[in-house]
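Written below as structure tokens is the structure these notes are about.
Bear in mind these aren't lab numbers, they're just calculated from the coordinates by the rules spelled out. As the structure is a prediction and not an experimental result, all values here were calculated from the model. Note that we place each Cβ from the backbone using ideal geometry, even for glycine, and neighbour counts take in every protein chain shown.
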Amino acid sequence: MLITLKERNCFLAGEWRLTFHPFRHINPGSREVKRTDTRDLSLTAIFASLYAILVVVLAPISFGPVQLRVADCLIPLAALFGWPVVAGVTVGCFLGNAYYWLGPYDVVFGPIANLIAASAILLLRKRRLLACVVGALPIGVIVGGGYLWLFFPPPDIFGLNLPEWAAMMISITISSLIAMAVIGYSLLTVLSKQSIIEHLKSRGLKVVTES
């Protein structure tokens, strides 16, 4: 079938407009990626705020040789919400410790301990109770055994004649186990109920699977 020169020019012009139209090459999936990134950032900000608020409001029991940092109960939720929790409890610890200000050691190594703890829980999420127990260990070792004994006299541990760093490490490890493997694990179990999971998903939140 023959086409005229005019028809050919019109066809080429139409093809050019289709090719170079500024809205033709928007990847439909890119909007979903942007929405996902925004939700992750929002969730990170929420957990960072919650952690910092709990540390500041409960400061009398969040610092010291014998403490119960209730904010640490948020760390096990990394097994459910993934990396936004890992980032959130790390930033939240930085903000809370910076507000109380024991010194640069606490502001630097406290968040690092939370980062390691939350990452371990995320990686071991198939066995959640074990993950919470393992996650408490880096906090006890880094915070208690690493530097907290420099700021507070260590508590007496069953009358044992222990080095100051060892006594403080045991104290902080026990408190972290209570906050994470008892309170945090219970919170994680409740939020992992299928009805709650479906509600969270309906709100557009990503939930990490155990696989």
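Most exposed first by the Cβ proxy, i.e. fewest other Cβ within 10 Å, how do Arg127, Arg203, Arg69 rank?
If I rank by nearby Cβ atoms, fewest first, I get Arg203, Arg127, Arg69.
What area, in nm² and to one decimal, does the C-alpha convex hull of region 33-202 cast on average over all directions? Please list the in-between numbers first.
Working: hull surface 39.7 nm².
Result: 9.9 nm².
Once the other residues with Cβ under 12 Å from the Cβ of Ala118 are scored (Lys, Arg +1; Asp, Glu -1), what is the net sum? Working shown, then result.
On the way: positive: Arg125; negative: Asp72.
In short, 0.
The gain in end-to-end length when the Val108 to Lys193 segment is fully stretched comes to 27.1 nm, 0.36 nm per residue minus the alpha carbon separation.
The order of the peptides 179-185, 37-43 by mean Cβ neighbours within 10 Å, most packed first, is 179-185, 37-43.
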